[in-house]
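The values are calculated or read from the model by the stated rules, or taken from the named source; none is laboratory data. No experiment lies behind these values; they were computed from the predicted model shown. Here the Cβ positions follow ideal geometry from the backbone for every residue, glycine too, while neighbour counts run over all protein chains shown. These area figures cover heavy atoms from the full protein model, side chains too; ligands, DNA and RNA do not enter into them. Shrake-Rupley method; radii C 1.70, N 1.55, O 1.52, S 1.80 Å.
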Amino acid sequence: MDYLWAFLIGGLICVIGQLLMDFTKLTPPRILVIFVVSGAILTGLGLYQPIVDFAKSGATVPLPGFGYLLAKGAMDAVKIDGFMGALVGGLKETAAGITAAIVFGYIIALIFSPKPLR
Amino acid sequence: MAKKKKQKEQERKEQAKAYEKYVKQFTPNPKYFSNAFKAFVVGGLICVIALYIQNLFMAQGMVKKDAATAVTVILVCSAQLLTGIGWFDSIARFAGAGVIVPITGFANSMVSPAMEFKKEGLVLGSGAKLFTLAGPVLVCGISVSVIIGIIHLLINKG
Amino acid sequence: MLNNKLGKHTVIFNNKPEILGTGSVVGVKEGEGPLGKRFDVVLEDDTYNEKTWEKAEIKMLSEAILLSMKKAGKAEKEIDAIISGDLLNQLMSASFTARDFDVPFIGIYGACSTMTESMILGSVLVDGGYAENVVSAASSHFCTSERQFRNPLEHGNQRPPAAQWTATASGSVVIGRTNKPNIVLTCATLGKVVDPGITDAHQMGAAMAPAALDTIHTHLSDTNRDPGYYDLILTGDLGHIGKDILLDMSKNRGLDLEKVHMDCGVLLYDKDQDTHSGGSGCGCSASVFAGHIYREILEGKLKKVLLVSTGALLSTTSTLQGDSIPGIAHAIAIEVEGN
C-alpha cells in the first residue's frame with residue numbers, strides 16, 4: 001500500500017511540474033525554485049508533514065521534499081539552539097544530499113565531456 | 001511629453017498582445033495529456049524505487065533518517081552518472097517533469113553546466129558553473145528555511 | 001541625386017558584382033537532412049577533431065572560406081576583405097578565423113541575418129570599386145550557441161514545439177567581377193528593425209516574420225516588381241511557424257508569396273529529425289544558399305532569387321531583463337545574366 005501512495009503522490013507532484021512547463025513559459029530552473037520554496041513554506045505551515053507521513057518517498061523524493069527537509073531542519077534546530085538553529089538547521093539536515101551532489105557532480109564533470117545532441 | 005510616451009508604450013503593449021494571440025494559432029500545442037501521463041508514470045516510478053531501496057536499508061537495521069539520506073545520495077549520484085554518459089537529456093526529453101522535478105533533476109542541473117564549461121578551467125569553469133542552475137534553488141530554499149526557522153522561534157517564544 | 005539608390009531602402013549595383021564561387025560546410029545532423037548531398041563538406045563528427053566547440057566552428061568557417069576561394073580561383077592575396085560574422089559574443093568565430101588569413105577583416109553582427117548583410121556589404125565594396133574580390137561568410141554551431149544562449153548540452157529539458165534548431169553550418173561566397181558576368185548581384189534592400197513584441201525566446205520565427213515581410217514588401221515596391229518576378233524568395237530561418245505567419249500576413253497585405261516563397265530553416269531538416277519548428281542560426285541561410293541554392297542556380301533550375309536572411313536581435317541579457325525580441329531582415333537579389 002505504501003508503494004501505491006508513493007507512486008500516486010510522487011507522480012502527481014511531477015504532473016504539476018509538467019503542467020507548469022507546458023502551460024506557462026516557466027523554464028526548468030524557475031520550476032525547481034518554485035517547488036523547493038513552496039515545499040518549505042508548506043512545511044512551515046505544517047501542511048507538508050502529513051503528506052510525508054502518508055506518501056513517504058512520494059513526498060520526499062520530488063523537490064518539494066528538499067524544501068521540506070530544509071524547513072524541518074530549521075524548525076527542529078530552533079527548538080534546541082534558538083536563533084543559531086535557524087541558521088544551521090536547514091543545511092545540516094540536507095548536508096549529505098548537497099555535498100554528494102557537489103562532490104560527485106564535480107568528479108563526473110572531470111571525467112565526462114558533453115556530447116552533441118542528435 | 002511624458003504622457004505621450006506612456007501612451008505610445010501602452011499602444012505598443014497592446015499591439016504585442018494582439019500579435020501574440022495571432023501567432024498562437026500557428027503554434028502547435030504541446031501534447032498536454034501524453035506529456036503529463038509520461039511525467040506521472042516516470043516520476044511515480046522513481047519515488048517507488050526510492051521507497052523500495054529505503055525499505056531495504058531499513059531491513060538491514062538502518063535508522064529511517066539515515067536510510068532516507070542514503071537513498072537521496074544514491075538518486076543524486078545515479079542521475080549524475082546518467083548525465084555523464086549522456087543519457088539523462090534523452091530520458092528528460094521523453095519524461096519531462098518526471099525526472100526534472102524529483103531530486104534527479106536538481107542533480108542534473110548541477111553536473112550538466114559543470115561538464116559543459118570544463119574547457120574554461122576547473123576553477124572558474126566547472127567549479128563556478130556547478131551552481132549556475134542549482135545556485136538559485138539553494139539560495140531561495142536556504143533563505144526561506146532560515147525565515148521559517150526564525151518565525152517558529154518567535155511563535156514558540158510568544 | 002543618388003545614382004545607386006532606388007525608392008526607400010534599396011541599393012542597385014550597376015557594375016555587376018558577381019558570385020564567383022561558394023563554399024559550405026555542415027554538421028552531422030544537417031548532413032543527414034534532405035539537403036545532405038548539396039553541401040561541399042559534411043562533418044563526420046561535430047567536434048571536427050578540435051578540442052572545443054568554438055575551435056570546431058572556427059575550423060568550419062575557415063574551411064568554407066578556403067573552399068569558396070578555391071572554387072572562385074582566387075588566391076589569398078587577391079582577396080581585399082573578409083566580411084563575416086557569427087552568433088557568439090564578440091564575434092569569436094569570425095574574428096579568430098580571420099586571424100589565420102592575411103586579409104583585412106570586417107566583423108559584423110546581424111544575428112541570423114548576417115549572411116545577407118555581409119553579401120550586401122561585399123557587393124557595395126566591389127560595385128563601388130573599393131575592392132576587387134571580397135569574401136562574405138557566416139557561421140553558427142549548435143553546441144557553441146546553445147551554451148551561450150540556452151542550456152548546457154546535457155541538461156535535461158523538453159524543447160517546446162516552437163523551438164528551432166541552431167544549424168551547425170558555415171557558408172561563404174566570393175564576390176568579384178569578370179568580363180563575362182554570369183551570376184550577378186543586382187540589387188539589395190536594407191531592412192529596418194521591426195519588433196512585434198514577442199518575449200518568448202523560443203518564438204523566434206514569430207519574432208522575425210514581420211521584419212521579413214517589411215523588407216520583402218519594401219523591396220518589391222522600391223523595385224516595382226511582383227513576387228512572381230522571382231523564381232524563389234528565400235527567407236533565412238523563419239522555420240515552419242514563421243513561414244506560415246509570413247504567408248498569412250503577406251496575404252493580408254495583398255502580396256501572394258505562396259508560390260515563390262521558401263525558408264532555409266524549413267529546407268534544412270526533415271520533419272522527423274526532431275528539430276520542431278526547423279533550423280535557425282547564421283549558418284542556416286549561409287549554408288543553404290552557398291550549398292543548395294547556388295547549385296540550383298548553376299544547374300539552371302533557378303534564374304532569379306531573392307535571398308532574405310532574417311535575424312532575431314536578442315541577447316542573453318535582454319531575455320533575462322524581459323525585453324521583447326527585435327527582428328531584422330535584409331534582402332539581396334541574385335540574377336543570372338542574359339535572360
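Okay, here's what the table says:
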item: Some residue of segment B:31-41 being touching a Phe, Trp or Tyr at 6+ places or on another chain (Cβ under 6 Å), at the interface with another protein chain (Cβ under 7 Å from one of its Cβ atoms) and assigned to a helix (DSSP H, G or I); result: no
item: Residue list for segment A:19-63, filter: hydroxyl-bearing (Ser, Thr, Tyr) and open to solvent by less than 20 Å² (accessible area, probe 1.4 Å); result: A:THR43, A:TYR48, A:SER57
item: Any hit, segment C:167-178, residues being more than 19 Å from the chain's Cα centre (by Cα) and free of Cβ contacts under 8 Å to residues at least 60 places away in the same chain; result: no
item: Any chance C:VAL135 is touching a residue at least 60 places away in the same chain (Cβ under 8 Å), more than 18 Å from the chain's Cα centre (by Cα) and crowded, with 24+ Cβ neighbours inside 10 Å; result: no
item: Qualifying residue in segment C:41-58 (condition: assigned to a loop (DSSP other than H, G, I, E, B) and on the phi > 0 side of the Ramachandran plot); result: yes
item: Complete set of residues in segment C:25-40 that are in contact with a Leu (Cβ under 8 Å, 6 or more places away or on another chain) and in a loop (DSSP other than H, G, I, E, B); result: C:GLY27, C:GLY33, C:PRO34, C:LEU35, C:ASP40
item: Hits in segment C:174-220 - residues which are in contact with a Gly (Cβ under 7 Å, 6 or more places away or on another chain) and open to solvent by less than 10 Å² (accessible area, probe 1.4 Å); result: C:VAL174, C:ILE175, C:GLY205, C:ALA206, C:ALA207, C:MET208, C:ALA209, C:ALA211, C:THR215
item: Any hit, segment B:26-41, residues being open to solvent by less than 20 Å² (accessible area, probe 1.4 Å), β-branched (Val, Ile, Thr) and within 30 Å of C:VAL194 (Cα to Cα); result: no
item: Among the candidates C:ALA201, C:ALA211, residue that is modelled with pLDDT of 95 or more and within 14 Å of chain B (Cβ to nearest Cβ); result: C:ALA211
item: Qualifying residue in segment C:141-164 (condition: open to solvent by less than 10 Å² (accessible area, probe 1.4 Å), at pLDDT 95 or above and under 17 Å from C:THR310 (Cβ atoms)); result: no
item: Segment C:30-84 - residue that is open to solvent by 30 Å² or more (accessible area, probe 1.4 Å) and in contact with an Asp or Glu (Cβ under 7 Å, 6 or more places away or on another chain) and, of those, farthest from C:ALA94 (Cα to Cα); result: C:PRO34
item: C:GLY228 part of a helix (DSSP H, G or I) and open to solvent by less than 20 Å² (accessible area, probe 1.4 Å); result: no
item: Some residue of segment B:84-106 being facing chain A (nearest Cβ under 7 Å), of a type in the set (Phe, Trp, Tyr) and closer than 22 Å to A:PRO114 by Cα; result: yes
item: Matching residues in segment A:107-118 - criterion: being buried (at least 18 other Cβ atoms within 10 Å of the Cβ) and not in a helix (DSSP H, G or I); result: A:PHE112, A:PRO114, A:PRO116, A:LEU117
item: Exclusive hit being at pLDDT below 90 and not aliphatic (A, V, I, L, M), set C:GLY311, C:GLY300, C:GLY322, C:GLY327; result: C:GLY322
item: Meets criteria (open to solvent by less than 40 Å² (accessible area, probe 1.4 Å) and more than 14 Å from chain A (Cβ to nearest Cβ)) for C:SER93; result: yes
item: Counted residues, segment A:65-85 - those being of a type outside the set (A, V, I, L, M, F, W, C) and open to solvent by 10 Å² or more (accessible area, probe 1.4 Å); result: 6
item: Number of the condition not met by B:THR83 [criteria: (1) in contact with an Asp or Glu (Cβ under 7 Å, 6 or more places away or on another chain); (2) among the hydroxyl-bearing types (Ser, Thr, Tyr); (3) closer than 24 Å to A:TYR68 by Cβ]; result: (3)
item: Segments classed as helices (runs of 4 or more DSSP H), wholly inside segment A:6-106, with at least 2 members that are within 7 Å of another protein chain (Cβ to nearest Cβ) and in contact (Cβ under 8 Å) with a residue 12 or more places away in the chain; result: A:28-44, A:57-60, A:63-81
